[in-house]
1. So, of the residues in segment 55-70 that are under 16 Å from residue 186 (Cα atoms) and in contact with a helix residue (DSSP H, G or I) (Cβ under 7 Å, 6 or more places away or on another chain), which turns out to be surrounded by the most Cβ atoms within 10 Å (Cβ to Cβ)?
2. Restricting attention to segment 147-181, report how many residues are over 12 Å from residue 209 (Cβ atoms) and hydroxyl-bearing (Ser, Thr, Tyr).
3. Does residue 305 satisfy being of a type outside the set (Val, Ile, Thr), modelled with pLDDT under 80, in a helix (DSSP H, G or I) and outside the structural domain of residue 100 (by TED's automatic domain parsing)?
4. Suppose we keep only residues that are assigned to a helix (DSSP H, G or I) and under 27 Å from the mean Cα position of the chain (by Cα) within segment 226-247. Which one would you say is surrounded by the most Cβ atoms within 10 Å (Cβ to Cβ)?
5. With 346, 330, 291, 322 as the choices, which residue is at pLDDT 80 or above, over 22 Å from the mean Cα position of the chain (by Cα) and of a type in the set (Lys, Arg)?
6. Any idea which of 376, 358 is assigned by TED's automatic domain parsing to the domain that holds residue 540, under 29 Å from the mean Cα position of the chain (by Cα) and of a type outside the set (Val, Ile, Thr)?
7. Take segment 23-40 and flag every residue that is of a type in the set (S, T, N, Q) and buried (at least 24 other Cβ atoms within 10 Å of the Cβ).
Amino acid sequence: MKTLLSGLLLLLAHSVVLASEPLQQFQQLVDYVGVDYQDAVRDGRVLNQTEYEEMLDFSGALVDLALQLPEAPEREALVERARRMQMLVREKADSARVSALAGEMRQQLIAAYGLEVVPAQAPDLARGKALYAEQCVACHGAGGKGDGPLAAKLDPRPTDFTDLERYRERTLYGLYNTITQGVSGTAMRSFASLPEKDRWALAFYVGQLAPATHGLAGKMAPGSDVSLDARELTTLTPAEVESSKGQAGAQVMAWLRMHPDAVLGNTGTGGLELAAQKLEQSLAAYRQGNRKAAHDLAVSAYLDGFEPLEGNLDAVDGGLRRGIEEAMTRYRSLIKQNVPSAELTRQAAQVKELLDRAGQALSSNGLSPATAFSGALVILLREGLEAILVLAALAAFLIKTGRRDGLRYLYLGTGGALVLGFTTWLISEKVVAIGGAGRELTEGFAALFAALMLFYVGFWLHSKTSAAQWKRYIQGSVQKALGQGTLWGLAGLAFIAVYREIFETVLFYQALWMQAGTQGQGMILTGFLVATAVLAVLGWLILRYSTRLPLRQFFSVTTIFMFVLAAVFAGKGIAALQEAGKLPVNLVDFPRIELLGIYPNLEGLSVQLVMVILAALVLWKGTRKPPQMPPEGTGA
């Protein structure tokens, strides 16, 4: 049991972070020149010789970095723009021209290499404030003015985040990138060791200090006339937004920096933005000939972007949810088949169209209390059904064979799963960011392990009772076989059956909770309680009516039930590992029945067919003429 728990925790702690340091360094340098050039040159005159020499150095480094960028259709254009940037700096050109060119380079780099520029979830500004007080105050000061206790000793001086001119030329993604990479030659170190969501929280917190300090954020909330999406919010500067959308756009930008949930949280579509972004990165990697990175990014698009919103979308449009899953599965399959990039691009366009439809569905229905209720109900029923069926069947078996003392082992396994599931969630929130791949690996291996145990239990039941003809003999034989080791095995099965569902359920509820308002959150709790009651009634019905069966029929029914559940768990376990990108996917024309763990792929169906054949052979062998019962008083 200890080995099993350790393995599960290791699987949960496993997450893959795809990063490209040269690309991030190039992006960081573009932003640095775009923001700081105005402090070096104005009206063709050098304001600060040290700053100007730094700009000359950095603009030259941009050309060198551009020549080292990975192959891409846009690389030559980026090299040309880097050379133009170097020329503008040498000519002491107007800072507006330098900032505009930096903006063009930023957007081209993001498009060319599919850089990840949107957080996976709405940043927590309270968390950002706490991190700032802990990590940044000593240099940047309590108010962000660059006047901390250590500031006087530093050269260059720490950034003043309340400076409106700098605010107008700085993107949130640029801040995130600087926090991640640090700034060479300064006291600004890298904070890459912080979880990604903490770095985004810090970026949003310092990015709103200027509008908050100068009272800009409260002047106008986003209205119907002007809007910004998540990508625009993180990758455009306030000056760029003002240029394209007017003063109203700049006010909306200021307000959204103070209220990122309006774009990334309460609409419930932030994950869809992430999924679309990962798909773009995947296509870019595929066009560059990197199939592995393309596949890994496609897996991340599903697991980290779309999957957390499955429960929400199920409550609104279950058919659309299944359509997106199938389209994304086909996309990954095409990558494995090494199809022409044009075919993969068409499939990606189909996925994006479906994601857009999902975004519209969630945006229009996301805050409905009825939707919140049905979402909470469906999530818990879907995730808890298998676990309650296993627990009820095992409990009925122990009661029917007169081994009620064994129930405490089931309670122990179930309680351990609940405690570990809750602990794992806390760890994922406060210590380690557990990626979607880690979740799917945990679920997949746990499901396959449960399938093996269920199949063994079914075989064990059949082998112990197929020769029995009388109740007294069956009970005596089974009770002798139910030693402490077997009871611990049942506890382990209960643990696995419950644990594999808990953490994913918590994550689904997390996404649903972020989407709902105050009324909706109350309905989530109501849906949770109703689903809990339904599962409890279902478990009670199985216990009540299965234990009324004659003993021989009870064992026969329970044996078949265990075999069926084993096949269901096997199908779902293989599907989870396929979603995590650890098993190949060969799609076939076959009905998709999620309740029974049936998915239209050759791998899962083949394993389930083998299990069905083995179960049929075991049951057929049991129908043959049974051996004579031993005389009373002899051993079994």
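The values are calculated or read from the model by the stated rules, or taken from the named source; none is laboratory data. It should be emphasised that the depicted structure is a prediction, and the values quoted were computed from it without experimental measurement. Please note: Cβ atoms are built from the backbone with ideal geometry, for glycine as well, and neighbour counts cover all protein chains shown.
1. Looking only at segment 55-70, we keep the residues that are under 16 Å from residue 186 (Cα atoms), and these are 55, 57-58.
Subsequent filtering for residues that are in contact with a helix residue (DSSP H, G or I) (Cβ under 7 Å, 6 or more places away or on another chain) retains 55, 58.
Working: 55: 26, 58: 19.
Applying the filter and picking the extreme gives 55.
2. 5
3. yes
4. Among those that are assigned to a helix (DSSP H, G or I) and under 27 Å from the mean Cα position of the chain (by Cα), it is 234.
5. Of 346, 330, 291, 322, the one residue that is at pLDDT 80 or above, over 22 Å from the mean Cα position of the chain (by Cα) and of a type in the set (Lys, Arg) is 346.
6. On the way: 358 fails: assigned by TED's automatic domain parsing to the domain that holds residue 540.
It is 376.
7. From segment 23-40, those of a type in the set (S, T, N, Q) are 24-25, 27-28, 38; that's our starting set.
If the condition is that a residue be of a type in the set (S, T, N, Q) and buried (at least 24 other Cβ atoms within 10 Å of the Cβ), then 27 is the only one that fits.
Conditions (1) farther than 30 Å from residue 305 by Cβ; (2) surrounded by 19 or more Cβ atoms within 10 Å (Cβ to Cβ), marked per residue:
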| residue | (1), (2) |
| --- | --- |
| 120 | no, yes |
| 123 | no, yes |
| 126 | no, no |
| 129 | no, no |
| 133 | yes, no |
| 138 | yes, no |
| 147 | yes, no |
| 152 | yes, no |
